[in-house]
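See structure below.
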Amino acid sequence: MTSDIQMIPLPDGTSAWRITGYEAARQALSDRRLSKVLKAEELGLEPELASSMLRMMMFLDPPDHTRLRRLISATFTAHRIEALRPRIEQLTAGMLDAIAAHETVDLIETFAYPLPLQVICELLGVPAEDRVEFRDWSAIVAAGPGRQHEMPQALERVLKRTRALLADRAAHPGDDLLSGLLAAREEGDRLSEDELTSMVFMLLIAGHETTVNLIGNGVFVLLEDRDRWIRLRDEPELLPTSIEEFIRYESPIATATQRRTTEALELGGQSIPAGSRVMISLAGANRDEAHFHDAGEPRLDRAPNPHLGFGHGIHYCLGAPLARLQAQVVFSALLTRFPHLELAVPADEVGRRSDFQRGVTRLPVRLHGGH
Ligand code: HEM
């Protein structure tokens, strides 16, 4: 039996502890002795650019994290998210209309990629003329090391645009999330300009590609074995459990963001020294046979499904309700609009990635295929 915790070498010559078992992963995600605070040099960016990344609550511990999370939670409410449903339905229908006349399309390029970008931009109130820039930037960040050299310039441009956007919204407040964040106050506290800027960054990074991957992975799981597509089409009441199962079985965030031990500790029976880097494999934990019956099989009716795909503990995904809402709208629209959808290439020719993010990069489908 392989251990749930192993030391692995990292590309930069250092090493980290990698956790793949469910119990140890869950413990590590909520253990306060593991810090998320990043060091500027770990980002490989100029100090000024790094500093705006380092203010994201995703890379902070309490009490800084607690403060930012409280301020954003007051604005990013369930009510505000649910209110987006009709608009998401409208955008989805419009994008599906636009492709319906084609026989074969790449569902990622034509739909799964643009939809969440449009949603997050509208939620933030990013005007249409800025969206191309945000899209390019998001693609550079998501490409990881491959486009690392383009990062500083892209970041600088987006920082500038974000600051201008915030200044404009401060002068002309609306009812978008950005205006809400500008006005957010808790017991006399409020967000500084730097904090607001990095908050916008964080939402763009965290909210776009992850949702693209959820849509792409879900469609792939259903079409790889078309009995699944047919079952969900005929039993739409299975949609909520199916969405959770897509996240468990093909976790869009395969590895949680890095943590570091602040003191020597024990995880899953393994002693880990202070100052160690810890990588938690959510994809591994979510397929742990010791925790999930038939972990290697997607089961559309799996319940309960306590997967770790949205993390666990104080950093639990802030956008989970938005991701779930988009998935509900998207899958129900696809199943109704294109009941005979099928892969246009053999399953092993579908483009896939599995690094920190797990996703489908190219998904050719026949819109009006078999029965
Ligand atoms: C299927 C889609 C998504 C998945 C699988 C996902 C997954 C995750 C995970 C695993 C974490 C915790 C990371 C860690 O502890 O290291 C996280 C945090 C976060 N997510 Fe998501 N996410 C998704 C969509 C979104 C969306 C749509 C948004 C925003 C619009 C969002 C915003 C955030 C934020 C702000 C955090 C940091 C929370 C904190 O540090 O307190 N996510 N997400």
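The values are calculated or read from the model by the stated rules, or taken from the named source; none is laboratory data. Predicted model only: the values in this text are computed from it and were never measured. So basically every Cβ, Gly included, is an ideal-geometry build from the backbone, and we count neighbours across all protein chains shown. Please note that ligands, DNA and RNA were not included when accessible areas were found on the heavy atoms of the full protein model with its side chains. Shrake-Rupley method; radii C 1.70, N 1.55, O 1.52, S 1.80 Å.
Structure notes:
- The residues on offer are Ile230, Ile253, and the sole one that is within 16 Å of the ligand (Cβ to nearest atom) and either farther than 20 Å from Val330 by Cβ or of a type in the set (A, V, I, L, M, F, W, C) (or both) is Ile253.
- Criterion applied to Ser271, Ser281 was being touching a strand residue (DSSP E or B) at 6+ places or on another chain (Cβ under 9 Å), buried (at least 18 other Cβ atoms within 10 Å of the Cβ) and farther than 23 Å from Glu82 by Cα, and the one residue passing it is Ser281.
- Enumerated helices (runs of 4 or more DSSP H) restricted to segment 1-104, each holding at least 1 residues that are open to solvent by less than 50 Å² (accessible area, probe 1.4 Å) and modelled with pLDDT of 95 or more: 22-30, 64-73, 85-99
- Qualifying positions in segment 111-137 - small (Gly, Ala, Ser) and open to solvent by 10 Å² or more (accessible area, probe 1.4 Å): Gly125, Ala128
- Residue pairs whose Cβ atoms lie under 6 Å apart, sitting 6 or more positions apart in sequence or on different chains, and linking a residue in segment 27-47 that is closer than 14 Å to Met58 by Cα to a partner that is small (Gly, Ala, Ser) and surrounded by fewer than 15 Cβ atoms within 10 Å (Cβ to Cβ), are Leu29/Gly313; Ser30/Gly313.
- Odd one out for Glu187 among (1) out of contact with any Cys (no Cβ under 9 Å at 6 or more places or on another chain); (2) under 30 Å from Ala170 (Cβ atoms); (3) within 16 Å of the ligand (Cβ to nearest atom): (3)
- If you go through segment 326-348 and keep only what is among the hydrophobic types (A, V, I, L, M, F, W, C) and surrounded by fewer than 17 Cβ atoms within 10 Å (Cβ to Cβ), you end up with Val345, Ala347.
- Top-ranked residue in segment 307-325 [being more than 10 Å from the chain's Cα centre (by Cα) and among the small types (Gly, Ala, Ser); ranked as surrounded by the most Cβ atoms within 10 Å (Cβ to Cβ)]: Gly311
- Annotation: Leu204 fulfils all but one of (1) at pLDDT below 95; (2) open to solvent by 10 Å² or more (accessible area, probe 1.4 Å); the unmet one is (2).
- Residue match in segment 224-241 (condition: closer than 20 Å to Arg163 by Cα, touching a residue at least 40 places away in the same chain (Cβ under 8 Å) and touching a Gly at 6+ places or on another chain (Cβ under 9 Å)): no
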